[in-house]
1. Among Leu19, Leu76, Leu5, which is the only one that is touching a residue at least 60 places away in the same chain (Cβ under 8 Å), of a type in the set (A, V, I, L, M, F, W, C), over 22 Å from Leu92 (Cβ atoms) and crowded, with 24+ Cβ neighbours inside 10 Å?
2. So the check is Cβ under 7 Å with 6+ separation or different chains; which pairs have a first residue in region 232-246 that's of a type in the set (Gly, Ala, Ser) and a second one that's surrounded by fewer than 23 Cβ atoms within 10 Å (Cβ to Cβ)?
3. Identify, please: which residue in region 181-232 is under 19 Å from Arg66 (Cα atoms) and at pLDDT 90 or above and is, among those, surrounded by the most Cβ atoms within 10 Å (Cβ to Cβ)?
4. In the set Leu40, Leu50, which member is out of contact with any Pro (no Cβ under 8 Å at 6 or more places or on another chain) and either at pLDDT below 85 or in a helix (DSSP H, G or I) (or both)?
5. Tally the residues that are within 12 Å of Val151 (Cβ to Cβ) and under 16 Å from the mean Cα position of the chain (by Cα), restricting the search to region 33-46.
6. Is at least one residue of region 59-67 surrounded by fewer than 24 Cβ atoms within 10 Å (Cβ to Cβ), at pLDDT 85 or above and of a type in the set (Lys, Arg)?
7. So, in region 85-108, exactly how many residues are surrounded by fewer than 18 Cβ atoms within 10 Å (Cβ to Cβ), more than 18 Å from the chain's Cα centre (by Cα) and part of a helix (DSSP H, G or I)?
8. Mind checking which residues of region 169-182 are among the hydrophobic types (A, V, I, L, M, F, W, C) and under 16 Å from Val143 (Cα atoms)?
Amino acid sequence: MTGGLALTAGLALLIGVSLGLLGGGGSILAVPLLVYVADLPVREAIATSLLVVGVTSAVGVLPHARAGHIRWRTGLLFGVAGMAGAYAGGRLAVFVPAGLLLTGFALMMLATAAAMIRGRRGNPGRPVPPELPVFRVVLDGVVVGLVTGLVGAGGGFLVVPALALLGGLSMPVAVGTSLVVIAMKSLAGLAGYLSDVSVNWTLAAVVAAAAVVGSLLGGRLTGRIPEDLLRRAFGWFVVLMGGFVLVQQLPEAARVRPLGWVALGLVLAVAAGGTVRHRRRGRHTTGRTVPAAHR
């Protein structure tokens, strides 16, 4: 038991490092860790992951606030809307079969990984407003919060792109604002789960403490690792984990036969194909002369 707890705490460092470096990825790592390493039931694992990610994100807000990388009005509006959606998702999850929750979680992992591997399309000429439109912030907050509360995922890896695409926020500002949102709606999603799910508070405290340490380490590494390299490597790691979780949801007879691994191979092939096509398009457009009228 002690060895398993130590392994869980050691791996929990990755949760914090991910949050510190990327402003997301905590739940994507925490749920499989708690299910397959700590051997928690699915709903308890999701509830614990929400607690861990919420606490870690709240601590991670502090250095971003000191650096001025947070849009407070946007973050608080998104967070309040996300809290409502996350609480509703946490209550609805009680009525959803555990296998379906994990399948949805795995699909969320693969969608997130595809977005990370492709990267973001920049628009350097686009003006950045001081705050984002209220209606869109609230709408996106409710949708992202619902997903977070339902499957325990989709925090930063949905919030950061939403903030960046919605208002053209820079990555540091999007990441800092995302941590405010993640902290608020993770704890709201946890509240929705606590009405029907018990939490091992000792395990949760150990994992949260390790994740907080990891987030501080991740924050110190920011800027020292090329962002594109880190993003693609993490994206492929999430693809592998998502494929593993999907295979685990197959019937036992299928898991020990080639069918499960063929399915995983197809997932990896589709992701790889999308990455290659994206890179080819990028090479074809690089160096293309832009007409003066379109500059």
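1. Leu19
2. Cβ pairs passing all conditions: Gly235/Ile117; Gly242/Leu110; Gly243/Leu264; Gly243/Val267; Gly243/Leu268.
3. Ranking the candidates gives Val212 first.
4. Within the list Leu40, Leu50, the selection yields Leu50.
5. The qualifying residues number 2.
6. no
7. Final tally of qualifying residues: 5.
8. Val181, Ile182
The values are calculated or read from the model by the stated rules, or taken from the named source; none is laboratory data. Keep in mind that what you see is a predicted model, and the values were worked out from it rather than measured. With ideal geometry, Cβ positions are generated from the backbone for all residues, glycine too; neighbour counts draw on all protein chains shown.
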